[in-house]
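One structure below.
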Number of protein chains: 4
Amino acid sequence: MAYDHEITVGWGDCDPAKIAYSGRIPAWALEAIEGWWRAHLDGDGWYQMELDRGFGTPFVHMEMDFRSPITPRHPLVCTVTPVRLGESSISFGVTGGQDGVVCFESLFVCAFVVSGSLETRSVPAEVRLIVEPMLRRLN
Amino acid sequence: MAYDHEITVGWGDCDPAKIAYSGRIPAWALEAIEGWWRAHLDGDGWYQMELDRGFGTPFVHMEMDFRSPITPRHPLVCTVTPVRLGESSISFGVTGGQDGVVCFESLFVCAFVVSGSLETRSVPAEVRLIVEPMLRRLN
Amino acid sequence: MAYDHEITVGWGDCDPAKIAYSGRIPAWALEAIEGWWRAHLDGDGWYQMELDRGFGTPFVHMEMDFRSPITPRHPLVCTVTPVRLGESSISFGVTGGQDGVVCFESLFVCAFVVSGSLETRSVPAEVRLIVEPMLRRLN
Amino acid sequence: MAYDHEITVGWGDCDPAKIAYSGRIPAWALEAIEGWWRAHLDGDGWYQMELDRGFGTPFVHMEMDFRSPITPRHPLVCTVTPVRLGESSISFGVTGGQDGVVCFESLFVCAFVVSGSLETRSVPAEVRLIVEPMLRRLN
């Protein structure tokens, strides 16, 4: 059920403490969530969702706990799991790990909006169809 | 008491929805927190703290609520306020606003560690001296 | 004539060699060029040029020589000078310095296009009016 | 001989013109060059080269020609080819393409230095061994 998104951590992602700079980590979690959409919408990410499918999913909340430093010594595997579907929102848990160690745990909430606007809308049917079975299996 | 850090939002910070990409926003809040340190430690940011002063302040937790989109139409003012000092940690509230509108509210927790290590240490005296009076005024 | 754009180099911009990561430097030069436009078009950067003024200036060429490492010890001053105006292009020289030392020298060429398209167009009159006197003074 | 490095272009990499922001592209070319090193040094990138192998390869020059816009519609394939080995430098050509169209062509020159210093050194034997046969095949 969970989707694994692998990040190759580079030299330029690390700060003088020789670990990935904290400011880079939220962007990786977002990249993993966009990867989750691609994996479940026939390769369509946020670009195609907004331009072709008529809806966007802007972030309204994020929270992250950093457990262990991230380095280029191992791939960073970001595991993305949808954890809740609201009337017009979706929540994802993202856990980042390296070499079997949990590096961060995080939660992200996105609203569904009409493309090119900030007007919220209900969850698109195509999304509900994909996510509801996943949530049933979670419970 | 509060420290204001101004960000100039650029074209490259915006996504095709014509607003700042969410993945960029946590990095701006961190940039504002580093600015807070510079403003209170004689111009020293994280680089000088780590290399010259012997301590680092890695992030252990962050949470952000996104209230309103950010665009290049106005400067983004990030207001940084220390809100708690623990045995070996410090917490900052960061509020981002544009043209009088709150764009995001956020909270960040940092641990104090010995430079070049992950070993936590107590709050450095020079930091306690600066932050405690601020917290007293908050209460 | 020249426009100076100051960058505050942060901890997160530096790599484990304790200097700014090379991959960050071109983005700073671009940020400085966008600052040049703001300084000369009543505060309008690329966002307002594209959305309000009807033209864009995509990059078609860049070249950079890196002379000396960049650190957070001093501000990075990027000096931007328009050096050529073609039929439908503009070239900028950007020199980056810290504490009196040249860190990089660079050249950027941008095409003028109609907003929302890749169709090149002649230099907008408002731009020609600003840049031609600068070029005359260069020669 | 050439090494192909695939970049997944995301929503957050694109600007309001709906194409990848130019400031992001040099960083992708660098990421591809670091991938080349990993592919040829048993998985070691710049981090391991600096920390474990005792040498660094800072950039001294880059030049890029942007031929065609980059979008999230297709993967961006960056083809990296070493094109010259000097006494203490190496040059790479990097061509970026999407769906058979050339998006950028570029050249990068790196110096070899002793880790933790700016002192140049001759090409490490392990690198010469890998690169010289590639250059012979080029000619």
Innermost chain B residue relative to the axis carrying B onto C, by Cβ distance in angstrom: B:THR8, 6
Efficiency of FRET between A:ARG137 and C:ARG128 - r from beta-carbon atoms, R0 60 angstrom, step 0.05: 0.40
Cα→Cβ-extended label distance, 7 Å offset, between A:HIS74 and B:GLU63, nm: 2.9 nm
Förster-model FRET efficiency, 30 Å R0, B:SER88 and A:SER88, C-beta, rounded to 0.05: 0.15
Using alpha-carbon coordinates, inclination of helix B:125-138 to the longest axis of chain B, degrees: 50 degrees
Rounded Å value of the spacing that divides the Cα centres of the range B:26-87 and the range A:17-36: 18 Å
Cα gyration tensor shape of the range C:55-122, rounded if a/c is under 1.5, else prolate or oblate by comparing a/b with b/c: prolate
Nearest-first distances (nm) between copies at A:ASP52, label 7 Å from Cα via Cβ: 3.5, 4.0, 5.3
Residue-level accessible surface for B:HIS40, protein heavy atoms, 1.4 Å, Å²: 60 Å²
Exam field: C:ILE130 pseudo-label spacings to other copies (7 Å along Cα-Cβ), nanometres: 3.7, 4.3, 4.6
Percent accessible area from carbon and sulfur atoms, the range D:98-139, protein chains only, probe 1.4 Å: 56 percent
Between the range D:88-123 and the range C:113-139, the Cα center-to-center distance that results, in Å: 33 Å
Relative contact order, percent, chain D [alpha-carbon distance under 8 Å, six or more residues apart]: 26 percent
Hull volume in cubic angstrom per residue (convex hull over the Cα atoms of chain D): 115 Å³
Carbon and sulfur %, accessible surface of the range B:3-57 computed with the full protein complex present, 1.4 Å: 39 percent
Computed FRET value (nearest 0.05) for D:SER115 with B:ASP42, which takes r as the C-beta separation and R₀ as 35 Å: 0.65
Summed side-chain charge close to B:LEU135 - residues other than B:LEU135 whose Cβ falls under 15 Å, Lys, Arg +1, Asp, Glu -1: +2
Buried solvent-accessible surface, both chains (A, D), 1.4 Å probe, Å² to nearest 100: 1600 Å²
Within chain B, helix-based [θ] at 222 nm, where runs of 4 or more DSSP H residues each add -39,500 (n - 2.57), nearest 500: -7000 deg cm²/dmol
Straight-distance crosslink candidates among lysines, where the alpha carbon sits under 18 Å from C:LYS18 and sequence neighbours closer than 8 are dropped: A:LYS18
Karplus (6.51, -1.76, 1.60) ³J(HN,Hα), θ = phi - 60°, over the range C:46-56, in Hz, Gly and Pro reported as x: 4, 4, 6, 4, 5, 8, 10, 9, x, 9, x
Helix A:25-40 vs. chain A, principal-axis angle (Cα, 0 to 90°, nearest 10): 50 degrees
When the convex hull of its Cα atoms is projected in every direction, mean area for the protein assembly as shown (nm²): 26.8 nm²
Charge tally in the Cβ shell below 14 Å around D:SER122, where Lys, Arg are +1 and Asp, Glu are -1, D:SER122 excluded: -2
Probe 1.4 Å, protein heavy atoms only - accessible area per residue of chain A in square angstrom: 40 Å²
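The values are calculated or read from the model by the stated rules, or taken from the named source; none is laboratory data. These numbers come from a predicted model, not from an experiment. A quick note on method: Cβ atoms are made from the backbone with ideal geometry, for glycine too, and the neighbour counts reach across all protein chains shown. Areas reflect the complete protein model, heavy atoms only, side chains present, ligands, DNA and RNA absent. Shrake-Rupley method; radii C 1.70, N 1.55, O 1.52, S 1.80 Å.
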